[in-house]
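The values are calculated or read from the model by the stated rules, or taken from the named source; none is laboratory data. Predicted model only: the values in this text are computed from it and were never measured. Please note: Cβ atoms are built from the backbone with ideal geometry, for glycine as well, and neighbour counts cover all protein chains shown.
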Amino acid sequence: MILTVAEVTNELFKPYGMIASPDDEYTKVVDTCRSSGMSGSSKTAPVVKLPLLLNVDEPLKDSRWYFVRSYTKADLKRRFTSEKNTRKVKVSLNAIEKQPFSMQTFIPMGRGPEDIAYVVVVAIPDETGEPALNTLQAFACKGTQAITYNPGIWHSPIISVGDHEYLDFYVLECVTESGNPDEPGHVERVYVGNGHKIELYCYPDDQQ
């Protein structure tokens, strides 16, 4: 199976979680300021409430913050685009994981909105809780887009891309009250030699 990477949007990602970006929020603020005659060098975007950000109705039992560093593979240290062209790089999808009772929000650090900074692959669980491989989707995210996975959503490890050694994330993990201490909080499925690949498009002027 070949997965073509799509540019992430909240509408496309809604079945799996949510995207939050200051660029989107500040655009709304600027439009509001223009219509009201306000001006200034500093803009404040409205705070997104935690339950809305996590897209859940049930209470949260616990939460924690931690850092994740995603190292960029050698063949991915180049600029990528969402526009289809003849310059392609394929990446094998070897494993996906899920957190049945918790949500994770990955906030990228140190990258801007200009280029694709990382790629994620997601899948909906089937009726048995296993990944429904026919629902696999790959999304390209900018350095200003934070991504939230809903509980039970299967997802790949973060795939860092671009001309950087690594990409750091500040991660918020929240556990819901439905969590069962007798069940694993982290489940992984490994796929070796199964043919699942992610297809990325390079910029036409990329010289690597």
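Observations on the model:
- Screening the candidates 140, 117 for the property of being out of contact with any Phe, Trp or Tyr (no Cβ under 9 Å at 6 or more places or on another chain) and at pLDDT 95 or above yields one hit, 117.
- Subset of the range 106-130 (residues that are among the charged types (D, E, K, R) and either crowded, with 18+ Cβ neighbours inside 10 Å or within 19 Å of residue 80 (Cα to Cα) (or both)): 111, 114, 115
- Sole residue being modelled with pLDDT under 95, under 20 Å from the mean Cα position of the chain (by Cα) and part of a strand (DSSP E or B), chosen from 200, 167: 200
- Residue within the range 126-137 that is at pLDDT 95 or above and closer than 18 Å to residue 21 by Cα present: no
- Flag if residue 56 is assigned to a loop (DSSP other than H, G, I, E, B), at pLDDT below 95 and either out of contact with any Cys (no Cβ under 9 Å at 6 or more places or on another chain) or at negative phi (or both): yes
- Any hit, the range 127-148, residues being part of a strand (DSSP E or B), closer than 25 Å to residue 61 by Cα, in contact (Cβ under 8 Å) with a residue 40 or more places away in the chain and not small (Gly, Ala, Ser): yes
- Residue ID - surrounded by the most Cβ atoms within 10 Å (Cβ to Cβ), chosen from residues in the range 68-105 that are acidic (Asp, Glu) and not in a loop (DSSP other than H, G, I, E, B): 97
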